[in-house]
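Accompanying notes for the structure given below.
The values are calculated or read from the model by the stated rules, or taken from the named source; none is laboratory data. For clarity, every value in this text was computed on a predicted model and none was experimentally measured. Heads up, the Cβs are rebuilt from the backbone with ideal geometry, glycines too, and the neighbour counts pull from every protein chain shown.
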Amino acid sequence: MKPIERRMPSVAYIVARSNPGDVIGCENHLPWRLKTDMKFFRSVTEGHVVIMGRKTFESLGRPLPKRLNIVISRSPGQDAENLLWADSPEMALHLADFFSIIKEKSQIIVIGGAQIYKMFCDQFTKVYLTEVFHSFECGDAYFNQKFDLREWSVVQEKEYEQSDDDEFPFKISVLDRKNKYTRHRKISEFFVGAKSDRLLPHFPVFRSKIERDDMNIEEQIKLPLLVA
């Protein structure tokens, strides 16, 4: 029987940076207060799997609610409700793919920081980009990615003025990569091999390797097909 393959969720970035300077952080914090942008961040990410680095997670102080938080770190912490740790970008994406399919979500969102954005630079196909129109001298983390309009399409763009809720003027843009990168996996990858050990606790019937070897994984596992 030919192994069943599924198209995996696309990878998107959501990032806020200064213009000029490309600053995204200062001492592990955002150097601005933009309530409107925070509402936009919630609207984009809620219900999805979000991937981040340890420093970003520590700056948040807790897992973001209504999202599955996957944290990449060489020294993983303890998994908890809405929180999984991964020791590599490959493991993070493996976990994110699986739980996005279960939730019938077609997009995984990377939320930072700078090193984590670099890990997925060849795979992301959409970016939700906020540009804060102010120069910050305190910056110590940067997002320097340039978006060539020969390779990217601007599908949404809106500017916001400084206000009581927003400390500086800013612009939110949504860009899509024209030549989209698509990923596929065999469904059996989630249930066999070393990485499957992170998923099996969520599915007691597959706890035993003997049980897994005795059954036809491709026929038993019915995961939704992503079409978006």
Residue check: is THR36 assigned to a helix (DSSP H, G or I), assigned by TED's automatic domain parsing to the domain that holds GLN145, of a type outside the set (Phe, Trp, Tyr) and farther than 24 Å from PRO9 by Cβ?
-> yes
Looking only at residues in the stretch 39-65 that are free of Cβ contacts under 8 Å to residues at least 12 places away in the same chain and in a loop (DSSP other than H, G, I, E, B), which one is surrounded by the fewest Cβ atoms within 10 Å (Cβ to Cβ)?
-> GLY61
Look at SER88 and say whether it is under 28 Å from HIS184 (Cα atoms) and surrounded by fewer than 18 Cβ atoms within 10 Å (Cβ to Cβ).
-> yes
Sole miss for ASP97 among (1) surrounded by fewer than 19 Cβ atoms within 10 Å (Cβ to Cβ); (2) touching a residue at least 24 places away in the same chain (Cβ under 8 Å); (3) of a type in the set (D, E, K, R) is condition (1)
Quick check: anything in the stretch 123-130 touching a residue at least 12 places away in the same chain (Cβ under 8 Å) and among the charged types (D, E, K, R)?
-> yes
Any idea which of (1) exposed (fewer than 15 other Cβ atoms within 10 Å of the Cβ); (2) free of Cβ contacts under 8 Å to residues at least 40 places away in the same chain; (3) in contact with a Lys or Arg (Cβ under 8 Å, 6 or more places away or on another chain) is the one VAL71 doesn't satisfy?
-> (1)
